[in-house]
Amino acid sequence: MFKKALIIGAISSIASFSVTAEETALSYTHAGIGYETGDIADIDFSGFGIYGSKALNESFFLTGSYLSIESDDQFTDGPVTDDIEATGFNFGVGFHTPINSTVDFVSTLSYSDVEAEFADESEDGNGYILAAGVRALPSDVLELSAFIDYADIEDSSETGYSLGARYFTTPDISLGLGYGSSDDFDAITFDVRFDM
């Protein structure tokens, strides 16, 4: 049960890290790098990831991310003491449409795969994530977002949410701060995004 909670939490972590589409006023083609810290199944973790998005047309885009996290503490299981590590990727397609001149509705459907490792043992999990929410541009230098996501992983499911704020230091470079949460997962993300 612990391993399943870890897999589901790690996939939720990837979901909150990678919902990064923007409104019509911004580029849908971008790349970013970020740091994430939080807890999965009551285990503190931290790690780094990369993500990106590529516009296909005025309404659709491709999205993807890769995240590698590690427990902050070591754990003992019998004679073995080690860190818990998880790596995962997420790729999918997204859709957006304006609600008004400063707010977009955005949705994504993604496939996600995670591998968690402890000592010589590993556990894999994969599934699909559906996310929907809004992004807003209250000013030229500030972007806000709120999303709800549903993850269907193996024989389990989980619903979570993510909130984000982004400050543009230049028209093409922004600094982001995000928070994501679900049943077995809570995390804060810090990232730098480069719009192209």
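Remarks
- Globularity ratio of region 30-140, using Cα Rg and 2.2 N^0.38 Å: 1.34
- Lys/Arg +1, Asp/Glu -1 at C-beta; the chain dipole; positive extreme among A55, S145, S156: A55
- Top of S112, S27, S182 by mean-square fluctuation, Gaussian network on the chain, Cα under 10 Å: S27
- Counting only alpha carbon atoms, the long axis of helix 2-18 and the longest principal axis of the chain meet at about 20°.
- Considering only the Cα atoms of the chain, their convex hull presents on average a projected area of 10.0 nm².
- Inverting the pair-averaged 1/r between distinct Cα atoms of region 97-178 gives 14.9 Å as its Kirkwood hydrodynamic radius.
A short reminder: the numbers here are calculations on the coordinates, not readings from a lab. Given the structure is predicted, the values throughout are model-derived calculations rather than measurements. Using ideal geometry, Cβ is built from the backbone for each residue, glycine included, and neighbour counts are taken over all protein chains shown.
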